[in-house]
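Chemist: For reference, the structure I am asking about is given below.
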Amino acid sequence: MKLTNTTVLGTGVLGSQILFQTAYHGLPVIGYDISDAALQLAADRLDSLVNEYASFFGNPAKAKAARESIQLTSDMATAVRDADLVIEAVPENLKIKEETYQKLSSFAPQRTIFATNSSTLLPSDISPFTGRPAQFLALHYANNIWKNNTGEVMGTAATSSEAYEAVVEFAECTGLVPIRVLKEQPGYVLNSLLVPFLESASHLLVNEVADASTIDTTWKLGTGAPYGPFEIYDIVGLNTAYHISSHGDETSKKFAEMLMTQYIDQGKLGVATGEGFYKYD
């Protein structure tokens, strides 16, 4: 089962990176989002990724060609009509995902495999909405895909071995290191490590133990890590951080409220908008 034609549903920060990563490795790819306004933002993100890929891989011509090959549309039927693989990267909200998959299943060919990039929901939470549980699983990307190139592959009890292996092969063909997750685990491997770390940082902030900059500096100096937790929040996007924190304990919910009132309501969503906990050029 060879997966060639790819569609990415959702063109936010990570969705745009999935598009570019796939195109850079020579596969045809289409990005879908719900409006022309969303697609314009996606186009801007894709334009900025040209420089990222050119700098990292040292091949500006290939990066430019990848950008030019990516198609964008707000018509789902057009986006998926020839898809071998659909990668879903819509917001971390089960209702939104349910509506997306119910619509998707009516448009996609029967052969098409569906993969969710959800970082917090189990694929078995979503599988009943897909209409094809044997051809559904999770393929989770890390942010800054071009250098943090893990691809966590996690199926459900209903996922066929053929679909699983096809997605593993797709991950390899698009420059990822496949991480075979052997059983369903909330957060997979990466976020099972990352989310508690970020949550600990948010609790320090909410409880006024230290400010964001101090917490980041402490972590970077103490461990040699390139980013602190609040820099990571900005990279991931504060909308995503909000959705995750709003389902946590009381302190996490206070952090979610802080994100909404002090950042999201002000249009400060992180790196994608030029400002979050920090300002960016």
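Chemist: Regarding segment 15-35, can at least one residue be identified that is at pLDDT 95 or above, surrounded by fewer than 23 Cβ atoms within 10 Å (Cβ to Cβ) and of a type in the set (Ser, Thr, Tyr)?
Modeler: Yes, segment 15-35 has at least one match.
Chemist: Right, something else. Restricting attention to segment 185-207, does a residue exist that is open to solvent by less than 60 Å² (accessible area, probe 1.4 Å), touching a residue at least 24 places away in the same chain (Cβ under 8 Å) and part of a loop (DSSP other than H, G, I, E, B)?
Modeler: So far as segment 185-207 goes, yes, one or more of its residues are open to solvent by less than 60 Å² (accessible area, probe 1.4 Å), touching a residue at least 24 places away in the same chain (Cβ under 8 Å) and part of a loop (DSSP other than H, G, I, E, B).
Chemist: Still on this model: Please work out which residue is nearest to residue 148 (Cα to Cα), limiting yourself to segment 208-223 and to residues that are open to solvent by less than 70 Å² (accessible area, probe 1.4 Å) and hydroxyl-bearing (Ser, Thr, Tyr).
Modeler: 217
Chemist: Check off (1) open to solvent by 70 Å² or more (accessible area, probe 1.4 Å); (2) outside any helix (DSSP H, G or I); (3) closer than 26 Å to residue 159 by Cα for residue 95 and give me the number that stays unchecked.
Modeler: (2) is the only condition that residue 95 fails.
Chemist: Note down all Cβ pairs under 8 Å where the first residue falls in segment 49-71 and is without any contact (Cβ under 8 Å) to a residue 24 or more places away in the chain and among the basic types (Lys, Arg), the second is surrounded by 14 or more Cβ atoms within 10 Å (Cβ to Cβ) and part of a helix (DSSP H, G or I), and they're at least six residues apart or on different chains.
Modeler: 64/50; 64/54
Chemist: Also: Can you find, within segment 110-128, the residue that is nearest to residue 184 (Cα to Cα) among those that are part of a loop (DSSP other than H, G, I, E, B) and open to solvent by less than 10 Å² (accessible area, probe 1.4 Å)?
Modeler: Among those that are part of a loop (DSSP other than H, G, I, E, B) and open to solvent by less than 10 Å² (accessible area, probe 1.4 Å), it is 118.
Chemist: OK, next. Does residue 49 satisfy being under 17 Å from the mean Cα position of the chain (by Cα), more than 22 Å from residue 137 (Cβ to Cβ) and crowded, with 17+ Cβ neighbours inside 10 Å?
Modeler: yes
The values are calculated or read from the model by the stated rules, or taken from the named source; none is laboratory data. Since this is a predicted model, take the numbers as computed values, not measurements. With ideal geometry, Cβ positions are generated from the backbone for all residues, glycine too; neighbour counts draw on all protein chains shown. The area values use the complete protein model at the heavy-atom level, side chains included, leaving out ligands, DNA and RNA. Shrake-Rupley method; radii C 1.70, N 1.55, O 1.52, S 1.80 Å.
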